[in-house]
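S.K.: Shown below is the structure under consideration.
The values are calculated or read from the model by the stated rules, or taken from the named source; none is laboratory data. Not measured: the values here are computed from a predicted model. Every residue, glycine among them, receives a Cβ derived from its backbone with ideal geometry; neighbour counts consider all protein chains shown.
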Amino acid sequence: MLRDIRQLISMIISYNFYYARPGNAAAVLRQRLLASDVRARLGLQRGRIISKTEGDDDFPEVIWRLDFADMAAQDADMKVRAASPEFEAIRHGMRQLYRRFERPLYKPCGNTVAATRPTLLLHGVYCDASACDAVRTALQTVAAVEFISGGTDIPRFICETGSAGLAQSVSLQLASLGARATRSVWRIEDGG
């Protein structure tokens, strides 16, 4: 299946979702910032790091995001990290701090411009596969991405908005499709 995804998708959005062990959210954030420092020393893009300031447990405490031109670029990035003992040490340290980790891949399905303001809202949209086409259409006007890879209990779509949130018309349309949307508030810790 992943081979089919690689052939169909050009731009991909890679996320790392870090669900911290109780009391470790700040340590997870520090470790992720160190990982981005190592990425920079390796000649890789830092990626964007955001931390949750408000919201339920549907989203992790820390998220790292990087947009890649295609799967080949993402694979090359992973090879550089895997060959680095320094980056592997960061990974090992991170494993001690989180209770759950997901690395889902998403594709653009709306306006995908990443937020540059210090605070943003993320909306996780969960829906049945039968509603995906209609939900995708409803999200065309917002910065939205759609899930394309393995993972468990993660949103099928992620939308970024400013403080106003999703437009009421979009929220109503999602509700009419049986989609559940969660909302959380995030602070940009490293804009990449």
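S.K.: Looking at the range 36-60, I want the residues that are farther than 18 Å from Arg187 by Cβ and have a partner that is surrounded by fewer than 16 Cβ atoms within 10 Å (Cβ to Cβ) and of a type in the set (A, V, I, L, M, F, W, C) with Cβ atoms under 9 Å, at least 6 apart or on another chain. Which pairs are those?
M.R.: Val38/Ala89; Arg39/Val80; Leu42/Val80; Leu42/Ala83; Gly43/Val80; Leu44/Val80
S.K.: Out of all the residues in the range 78-104, which are without any contact (Cβ under 8 Å) to a residue 60 or more places away in the chain and acidic (Asp, Glu)?
M.R.: Listed by number, the residues that qualify are Glu86, Glu88.
S.K.: May I ask you to list the residues in the range 130-181 that are among the β-branched types (Val, Ile, Thr), outside any helix (DSSP H, G or I) and over 21 Å from Arg103 (Cα atoms)?
M.R.: Thr141, Val142, Thr161
S.K.: Collect the residues in the range 123-143 that are at pLDDT 90 or above and aliphatic (A, V, I, L, M), keeping them in residue-number order.
M.R.: Answer for the range 123-143, where residues must be at pLDDT 90 or above and aliphatic (A, V, I, L, M): Val125, Ala131, Ala134, Val135, Ala138, Leu139.
S.K.: I need the full set of residues from the range 74-100 which are among the hydrophobic types (A, V, I, L, M, F, W, C) and surrounded by 15 or more Cβ atoms within 10 Å (Cβ to Cβ), in order please.
M.R.: Correct list: Phe87, Ile90, Met94, Leu97.
S.K.: Where residues in the range 144-192 are surrounded by 18 or more Cβ atoms within 10 Å (Cβ to Cβ) and charged (D, E, K, R), which of them is modelled with the lowest pLDDT?
M.R.: Among those residues, the one meeting the criterion is Glu160.
S.K.: Let me ask another. Inside the range 22-51, can you point out the residues that are within 16 Å of Leu97 (Cα to Cα) and touching a strand residue (DSSP E or B) at 6+ places or on another chain (Cβ under 9 Å)?
M.R.: Pro22, Asn24, Ala25, Ala26, Ala27, Val28, Leu29, Gln31, Arg32, Leu33, Ala35, Ser51
S.K.: Which of the residues that make up the range 42-73 are crowded, with 20+ Cβ neighbours inside 10 Å and part of a loop (DSSP other than H, G, I, E, B)?
M.R.: Selection gives Gly47, Phe59, Pro60, Glu61.
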